[in-house]
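Heads up: the structure comes next, in structure tokens.
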Amino acid sequence: MQRGGRSFFKTEQGAVSVFLLLIFLGMLMLAGLVVDISRVMVAERKVQTALNTAVRSVLADYDEELVGQYGIYGVPYTTRQAEDLQRYFLVNLIEKEETFHFLRFNQDDLKITGKVEKSLLNDGAFQEQIMEYMKYKAPVMVTQNVLDIFLKGAFGKKADLLESAQPSGKTLDSILITQVDLKKALKNATRNSAKKALDQLLDLETIEQAQKDLAALMKEYEKQLQANNRQVQEIETAVTEAWRADSDEESGTGAPGGEGNAGNTPAVKAQGGKFTLPPDLQTLKKELQELPGIIKHNRALLEQIAELEEEEQALTEEIAALAQAGESTQAAREKRKQLRAEIKALNQQLKPLPQISDLSIQNKLPPALEKTEKKAKEFLREQVEAFLGRKISAGNPVTRLITDEEFRAANNRGASQPPAQEQGMFAYDEKMAQWNEKAAGELEENVFTYLKELTATLQQIAIGGVEKIYLTEYIMDKHTFITSPTQRGHYFNKGEVEYILFGRPAERDNIFLAFLSIWQLRFAVNVVDSFFTNPAPTFLSRLGTALVEGFICATNDLTNMYAGRGAPLCDSLKTLPTRLSYSDHLRLLLLMRSEKEQLDRIRQLMQINIRQTKEAFLLKDYGTRVEATAEISIDLWFASLLQLDKFGLPQVQGNRYIIKKTALAQY
């Protein structure tokens, strides 16, 4: 027994079963942990997928009016969108299998929040929507065509010609003044030919100085004319080559404004008016070339005569002294007689001074505008003012405007500036009525400054302004204007584009300002084109003619455009089939305006037009991106036994695992 007892306590049989039990428990716990980890990973993926789907579903609830009328996607986040977000989330999250739930989500723990970001009042978000719409719309680039056609007119170069030709007018004025001075000096010298030689020499110096001054002015004037002619040649080459390149390509497109322009563009030969020396000045130039030789010849003789006259004067004084002393004066008298004979012989050798021809040329303005030409413009003004239109008013709930504070909150920008005062077509009437050199000079300066700024801006846009062109095309595509045949049922029936340009509350005021600005553009274009082609001999006559023709053509062009007919790019290119319409000129004006102002006014019109059918509509409530956060838990099957929450894992709370996910989607 003892031996048997000792064997029993010392035996090692059964020890493996204890270790196997411990290992089995550990493996069981590890397997359970792996199962829970797999469940957590699947749950997180499913929560993220369900949230992504829910957010996209909310984003699909866009405003149909915004999309239908403007191609702009926007969604508000109201109680309905919040309920839809939770409903879509749960529908996609909860398992349909009722017998077994691999993932059991605790709906009581669900916390889901959402918000709309990138408000449509934000300039960047709104412009991004426009660019996307225009990109996928693949529009016919009418604005690009108008831009290209306008730049082919080389109006910036023509404005440079107008400005650089101005000094020649001042030089001609100096020539006319100096010619009069020379003519007077020659007349005085001829009248005083019986005077002493010294006095005649002084007259010659005056004549010579006037001749030199006049010759220098003539030389400077010819240099200026040559420089102007080089500019004319450059303009001719630029215009001809621009249109030749266009005619070499198969176009087959219509005119920019839709007026129909079938066939290829014909070849263009631009012909400018050359700056030539008028016949009167050519005659004067020849006369001035002859005068220095005569002056030189006569000066040499008069200097000899002056010396002889001095000797004669001395002999006369000597004779008087001899006579007073009672001495003989015979020899002195004979010598004086001989001197006088020499003086007479020298005087006979003097060449007569030529008389400078009178100049018929005048550097003056041509006749002013006639009453009938002014009445044509007044009639056009009356036609525009007869348009009644509608008005944005504070008392009308439909025309509730987006406030400056709302725009600033969405863009973090300063206060908006009030609309700029427009000069327009009737600001020029006062200057044209004055019709003097000062008024003409101020008009010339205005035209030069306006066209240089316009062409410089358009050239920059032509190089890299695709977004600006897209914005302009979007405005013209979605809004009405005075000559538009489209009826959209908008608050402003005809003047939406004009409102975007000028921002006045009254529809008629905006249309009127559009007419003013288009007239100003046509006036400037026609002035520089007329100055380029006009063969008038002097600067002021050329400028005055250009101003009168520019005034008349601008009024006729605007009348034709108002009637639905196009206008030629300029008079020198009127043989081309290309015509620019009222809408084409609106495009040019839009390209010149601030993008921020245009974006603000587009959104004002959006809100007003949609509020006609949806009174509570406010654009500030709509955004282009939805962001949502969801928090929900699942039960842990095995991991809870390890009490992982005590190890500082915030996702684990007892036997639950908290899942928190964020999703966003945008148009």
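The values are calculated or read from the model by the stated rules, or taken from the named source; none is laboratory data. Quick caveat, the model's predicted, so the values are computed rather than measured. As a convention, Cβ positions derive from the backbone with ideal geometry for all residues, glycine included, and neighbour counts pool all protein chains shown. The accessibility values were calculated without ligands, DNA or RNA, using every heavy atom of the protein model including side chains. Shrake-Rupley method; radii C 1.70, N 1.55, O 1.52, S 1.80 Å.
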Inset, instruction - Select, from Ala189, Ala185, Ala154, Ala165, the only residue that is farther than 30 Å from Arg625 by Cβ and either among the basic types (Lys, Arg) or within 20 Å of the chain's Cα centre (by Cα) (or both). - result: Ala154
Inset, instruction - Considering every residue within the range 634-648, establish whether at least one is in a strand (DSSP E or B), open to solvent by 70 Å² or more (accessible area, probe 1.4 Å) and at pLDDT below 85. - result: no
Inset, instruction - Working only within the range 462-478, note down all residues that are closer than 10 Å to Leu590 by Cβ and open to solvent by 10 Å² or more (accessible area, probe 1.4 Å). - result: Lys468, Glu473, Met476
Legend entry - Among (1) at pLDDT 90 or above; (2) closer than 30 Å to Gly124 by Cα; (3) open to solvent by 40 Å² or more (accessible area, probe 1.4 Å), the one test that Ala420 misses: (1)
Inset, instruction - Taking Leu182 as meeting all but one of (1) closer than 24 Å to Glu307 by Cα; (2) in a helix (DSSP H, G or I), write down the number of the exception. - result: (1)
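Examine the range 602-610 for a residue that is open to solvent by 10 Å² or more (accessible area, probe 1.4 Å), more than 22 Å from Arg504 (Cα to Cα) and assigned to a helix (DSSP H, G or I), and state whether such a residue exists. Before you say what the answer is, go through the steps one by one.
Step one: list which residues in the range 602-610 are open to solvent by 10 Å² or more (accessible area, probe 1.4 Å), which gives 604.
So of that shortlist, the ones also more than 22 Å from Arg504 (Cα to Cα) come out as none.
Checked against the condition, which is being open to solvent by 10 Å² or more (accessible area, probe 1.4 Å), more than 22 Å from Arg504 (Cα to Cα) and assigned to a helix (DSSP H, G or I), the range 602-610 yields no hits at all.
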Inset, instruction - Would you please name the residue that is nearest to the chain's Cα centre (by Cα), looking only at residues in the range 80-113 that are at pLDDT 90 or above and among the hydroxyl-bearing types (Ser, Thr, Tyr)? - result: Thr113
Inset, instruction - Scan the range 116-136 and report the pairs whose first residue is closer than 19 Å to Asp61 by Cβ and whose second residue is aliphatic (A, V, I, L, M) and buried (at least 16 other Cβ atoms within 10 Å of the Cβ), with Cβ atoms within less than 6 Å and a gap of 6+ or a chain change. - result: Val116/Val626; Lys118/Ala125; Ser119/Ala410; Leu120/Leu619; Gln129/Ile72
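Given the options Thr545, Thr629, name the one that is over 23 Å from Val497 (Cα atoms), open to solvent by 10 Å² or more (accessible area, probe 1.4 Å) and modelled with pLDDT of 95 or more. Can you show your working first?
Working: Thr545 fails: modelled with pLDDT of 95 or more.
Going through Thr545, Thr629 in turn, the sole match is Thr629.
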Inset, instruction - Determine whether the range 359-378 contains at least one residue that is closer than 30 Å to Ala306 by Cβ, open to solvent by less than 60 Å² (accessible area, probe 1.4 Å) and not β-branched (Val, Ile, Thr). - result: no
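Consider Gly495 carefully, then state whether it is at pLDDT below 95 and at positive phi.
Numbers: at pLDDT below 95: yes; at positive phi: no.
For Gly495, the condition - at pLDDT below 95 and at positive phi - is not met.
Pick from Arg299, Arg333, Arg340, Arg381: which is open to solvent by 50 Å² or more (accessible area, probe 1.4 Å), in contact (Cβ under 8 Å) with a residue 12 or more places away in the chain and either assigned to a loop (DSSP other than H, G, I, E, B) or within 30 Å of Leu543 (Cα to Cα) (or both)?
Numbers: Arg299 fails: either assigned to a loop (DSSP other than H, G, I, E, B) or within 30 Å of Leu543 (Cα to Cα) (or both); Arg333 fails: either assigned to a loop (DSSP other than H, G, I, E, B) or within 30 Å of Leu543 (Cα to Cα) (or both); Arg340 fails: either assigned to a loop (DSSP other than H, G, I, E, B) or within 30 Å of Leu543 (Cα to Cα) (or both).
Residue meeting the stated conditions: Arg381.
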Inset, instruction - Among the numbered conditions (1) of a type in the set (Ser, Thr, Tyr); (2) open to solvent by less than 30 Å² (accessible area, probe 1.4 Å); (3) over 25 Å from the mean Cα position of the chain (by Cα), tell me where Thr578 comes up short. - result: (3)
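Out of the residues in the range 390-408 that are without any contact (Cβ under 8 Å) to a residue 40 or more places away in the chain and in a helix (DSSP H, G or I), which is least open to solvent (accessible area, probe 1.4 Å)? I'd like the intermediate steps shown before the answer.
As a first pass, look at the range 390-408 and keep what is without any contact (Cβ under 8 Å) to a residue 40 or more places away in the chain: 394-396, 403-405, 408.
Those still in the list that are in a helix (DSSP H, G or I) too: 404-405, 408.
Values: Asp404: 43, Glu405: 109, Arg408: 73 Å².
Step by step, filter the range 390-408, then rank; the result is Asp404.
Taking into account only those residues within the range 169-178 that are touching a helix residue (DSSP H, G or I) at 6+ places or on another chain (Cβ under 6 Å) and open to solvent by less than 10 Å² (accessible area, probe 1.4 Å), which is farthest from Thr283 (Cα to Cα)? Lay out the reasoning, then the answer.
Restricting attention to the range 169-178, the residues satisfying the condition of being touching a helix residue (DSSP H, G or I) at 6+ places or on another chain (Cβ under 6 Å) are 169, 171, 174-175, 178.
Okay, now just the ones that are also open to solvent by less than 10 Å² (accessible area, probe 1.4 Å), so 169, 175.
Values: Gly169: 19, Ile175: 13 Å.
The selected residue is Gly169.
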Inset, instruction - Scan the range 54-72 and report the pairs whose first residue is open to solvent by 40 Å² or more (accessible area, probe 1.4 Å) and whose second residue is at pLDDT 90 or above and in a helix (DSSP H, G or I), with Cβ atoms within less than 8 Å and a gap of 6+ or a chain change. - result: Asp61/Gln81; Asp61/Asp84; Glu65/Ile610; Gln69/Lys478; Gln69/Met606; Gln69/Asn609; Gln69/Ile610
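Pick out the one residue from Lys195, Lys187, Lys219, Lys212 that is in contact (Cβ under 8 Å) with a residue 24 or more places away in the chain, open to solvent by 30 Å² or more (accessible area, probe 1.4 Å) and within 30 Å of His297 (Cβ to Cβ). Steps first, answer last, please.
Details: Lys195 fails: in contact (Cβ under 8 Å) with a residue 24 or more places away in the chain; Lys219 fails: in contact (Cβ under 8 Å) with a residue 24 or more places away in the chain; Lys212 fails: in contact (Cβ under 8 Å) with a residue 24 or more places away in the chain.
Step by step, each of Lys195, Lys187, Lys219, Lys212 is checked, and only Lys187 is in contact (Cβ under 8 Å) with a residue 24 or more places away in the chain, open to solvent by 30 Å² or more (accessible area, probe 1.4 Å) and within 30 Å of His297 (Cβ to Cβ).
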Inset, instruction - Return the only residue of Val527, Val497 being under 16 Å from Ile608 (Cβ atoms) and open to solvent by less than 10 Å² (accessible area, probe 1.4 Å). - result: Val497
Inset, instruction - Collect the residues in the range 479-494 that are under 21 Å from Leu591 (Cα atoms) and open to solvent by 20 Å² or more (accessible area, probe 1.4 Å), keeping them in residue-number order. - result: Phe481, Ile482, Thr483, Lys494
Legend entry - Number of positions in the range 114-146 that are open to solvent by less than 20 Å² (accessible area, probe 1.4 Å), at pLDDT below 90 and closer than 30 Å to Asp529 by Cα: 1
